Amino acid sequence: METEEQAREYVNQARQLSSSGSYSKAFDLYIKAFEKDPRVKERCEPEFRVVLTQLNEVLVGAGKMEDIFVNFSKAIGAFPRNCHLLNDIGKYLYKFNFYTEAWDYFQKALAIDPSFVNAEKNINSIKNLLLERWHFRMLNDKIRNDAYYDAIKESTNRYKDSVLDIGTGTGILAMFASEFCTTAVTAIEASETMAWMAECVTQGNNMPDIVIVSKMSTTMNYRDIGGKRSLVVTEMFDAGLFGEHVLQTLSHAWEFFTIPTTRFIPNKAEFFVVAARSDHLNRKYQLGAAAKQLLDIPSMHVHMLSDDETYDCEDIDLIKDVKYISEPKSLLQVNFNDYLDIQEKLNHTEPYEVQFTAKEDNEINIVIGWFNLYLTKNVTLTTDPRAENKATAWQQAVFFDNIPISVKENQVIDAQFLLNGGKLTMLPYCNTPVVKISPETLRFLNDDEYMKVIAGCIGMTCIYLGQMADMSDITIVDLSPFPLFGMLMLKRGAQSLICYAKTGSDKKFFKTVFKTNKVDWAKVTVLEGEDWGHEIFGDEKYHAIFCNVCDLCGDIDLRLREVALELKNNHLMQGGLFMPANVKLMGQIVNSPWLNINNRVYDGNFKNYKLAEYVNKYEVTQNYCIDFTTLEHTEVTKPTCLGPLYSEVKTEVVHFPITASGEANAILCWYDIELTEDIEAVSTKRPRSFIDGTLFLISPPVSLVSGRVACVVRLNDDDGSFKVAFRNEVPQ
């Protein structure tokens, strides 16, 4: 009895200390309490984890990383099967770049609780980091693989050549070379994870003589690889050809790895550009006419803030509204077997120029680029989106940061490109000022349908809130990417607005638009960045609160979700308006061959080599940023509601009526947003939605029968994270 009372006293002291910010002492007292009386652990576990989290935040700020893991060790000693603690350890290991160890802890947490959504998402994050998704589509590109195989076979002298593969990845090109070369094959890979995988792949394919070196090639010389090489193979290309620093890499290789007769594969490369129009793409990068009209800034040029990226990457052949306004033009060629040509490209300071001749009266709002790789004289690869036999490993480059220009038939347009630091940049047609805003703000405003719904509800909102107070007393919180609701309410005479700007550029844009609309900026408080929480609202209450908690990628922003719930529960005046009134998670089972190519490796694409068992360990369970307008898929069930977004139910089983027999490999998810109870919901599964879709893979795929019912389970964490999984099929 004395032990129990002492343990209880330790807990009371710990609570007092934690309330005053003495987290370290509070933590130690909790541990003492658990040692005195293990029975108190279960009821104190939640508050103990909160104290540990707060303590770790202090230790991170003080740079005391070792202390964090010492405390975790003590915590796990008290709670050896606590999946939340194991997951938290993994998060800190991930934060400090111990990815393999973090994966292990996330896996342990998931083994204890298979329904633990956050642990599964964390494993997916590590897999995406260690093996980026583009590796899957590249490895599954049989056209690419066969072309390199044929080129290496054609170029290799079995008894004389020694081969160097730079940027080997999984080692597939090194294995091709080893098949035709009996002397030496060395493969260089900067990524430790990829180098380890290449070791596994080459050993597993009985090619132990291939030497894998895990370093940046540009930090080495021939002594580091055991001698100079007579054949150099590489595939360090992105959609813009030069973006992976291939020129710098091969320049170094020429100087430090070659003999006078060394050859390079590819032999040459050529980059093409074409003037085009795509309103679908343009709206991803530039503010559209409808949004400008709504904001009363018709002549302002507003583009996406792009973090110094000079082009984007897209699968042009999947975008239905692309129209080529000119014929393609060859922008430049480079001969990788000519050292002087590589140096000329690296040191070229003048723009490369092309002239586009318009084929018709139209508008040019994007420029598309692709390349040819002339692997040998007889083997060529192309990424031309119009070609039937194109390599699918690469997307096309889209140069988007230019003001659209109207052209007449036969009009000639000059275009200039720089090869800055080995990466192509398109120079602007003119020097017209351009305003840059975050992708979140741009895409939100370009969602014409959603903007119309927001603008259309202002009248009824004013009538409703007018029953509570005079308009001049109405206070608003609008945490949307752009506070359109809040701005329109201020125009109607509301007293004040608190809004959120993701970047400083967004804040400047807000101020400009508000002043253009003659809205008093002194009434606006802007929360900038993401370093704030619900505490910033103090004890204030508001008449109307508008929150967006969905990321562009289709997932939930857990920080904003927490803020939204706090505002709704504790900061909304009685009878006040919380918007959206309802958000439903929707789902549909589908089959999409695109998902197979981008998420799993298939051995049939590599001649007789086996890679799947090594690469598919990095297969994830969820994909984000799904554009429903370009995703090729077949619907297998009806769209079905998976429940409210703010669900507090741990597990929900939902029946999906099967409408078409066939194989199913994914569950698409999106949202139906109902701003107020009397307004029809807006679905995010539509063209131009500012929120992309997400999907959960069904692996392995299942065969479903029309007329039956598919059972799908939705699992929810306490913080709002969710996942969706296929369970089984039953008769209707």
Scan of the stretch 619-662 for residues that are under 30 Å from W103 (Cβ atoms) and not in a loop (DSSP other than H, G, I, E, B), ordered by number:
Q622, N623, Y624, C625, I626, L642, T651, E652, V653
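Count, please, the residues in the stretch 307-338 that happen to be among the acidic types (D, E) and under 17 Å from E363 (Cα atoms). Write out each step before concluding.
To start, the set of residues in the stretch 307-338 that are among the acidic types (D, E) comprises 307-309, 312, 314-315, 317, 321, 327, 338.
Adding the requirement that they be under 17 Å from E363 (Cα atoms) leaves 321, 327.
Going through the stretch 307-338 one residue at a time, the tally reaches 2.
Let me confirm something: among V615, V653, V649, which residue is farther than 17 Å from W594 by Cα, β-branched (V, I, T), touching a residue at least 12 places away in the same chain (Cβ under 8 Å) and not assigned by TED's automatic domain parsing to the domain that holds S703?
None of the other options fit; the residue is V615.
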Restricting to the stretch 170-198, name every residue that is of a type in the set (A, V, I, L, M, F, W, C), more than 17 Å from R158 (Cα to Cα), surrounded by 22 or more Cβ atoms within 10 Å (Cβ to Cβ) and touching a strand residue (DSSP E or B) at 6+ places or on another chain (Cβ under 8 Å).
A187, I188, A198
Scanning the stretch 382-402 residue by residue, those among the hydroxyl-bearing types (S, T, Y) and surrounded by fewer than 24 Cβ atoms within 10 Å (Cβ to Cβ) turn out to be T382, T392
Residues of the stretch 532-556 being surrounded by fewer than 20 Cβ atoms within 10 Å (Cβ to Cβ) and under 21 Å from D672 (Cα atoms), in sequence order, are D551, L552, C553, D555
Taking the stated definitions as given, is D555 more than 26 Å from the chain's Cα centre (by Cα), more than 20 Å from I437 (Cβ to Cβ), outside the structural domain of I679 (by TED's automatic domain parsing) and of a type outside the set (F, W, Y)?
no
V246, sole failed condition from (1) at pLDDT below 95; (2) crowded, with 21+ Cβ neighbours inside 10 Å:
(1)
Restricting the search to the stretch 309-332, which residues are polar (S, T, N, Q) and surrounded by 14 or more Cβ atoms within 10 Å (Cβ to Cβ)?
T310, S326
Within the stretch 681-694, considering residues that are at pLDDT 95 or above and in contact with a strand residue (DSSP E or B) (Cβ under 7 Å, 6 or more places away or on another chain), the one surrounded by the fewest Cβ atoms within 10 Å (Cβ to Cβ):
S683
At least 1 residues that are in contact (Cβ under 8 Å) with a residue 40 or more places away in the chain and within 18 Å of the chain's Cα centre (by Cα) in each: list the helices (runs of 4 or more DSSP H) lying fully within the stretch 88-142 that qualify.
117-130, 134-139
Could you grab the pairs with beta carbons closer than 6 Å, sequence gap of 6+ or different chains, first residue in the stretch 490-501 and under 15 Å from I545 (Cβ atoms), second one buried (at least 19 other Cβ atoms within 10 Å of the Cβ) and of a type outside the set (A, V, I, L, M, F, W, C)?
Q495/T475; S496/T475; L497/G486; C499/D478; C499/P483; C499/G486
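Is it fair to say P700 is assigned to a strand (DSSP E or B), modelled with pLDDT under 95 and not assigned by TED's automatic domain parsing to the domain that holds M304?
yes
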Could you list all residues from the stretch 720-732 that are under 21 Å from the mean Cα position of the chain (by Cα) and assigned to a loop (DSSP other than H, G, I, E, B)?
G720, S721
Where residues in the stretch 628-680 are within 20 Å of E729 (Cα to Cα) and polar (S, T, N, Q), which of them is modelled with the lowest pLDDT?
T651
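The values are calculated or read from the model by the stated rules, or taken from the named source; none is laboratory data. Note that the structure is a prediction, hence the values are computed from the model and not measured. Cβ atoms come from the backbone with ideal geometry, glycine included; neighbour counts cover every protein chain shown.
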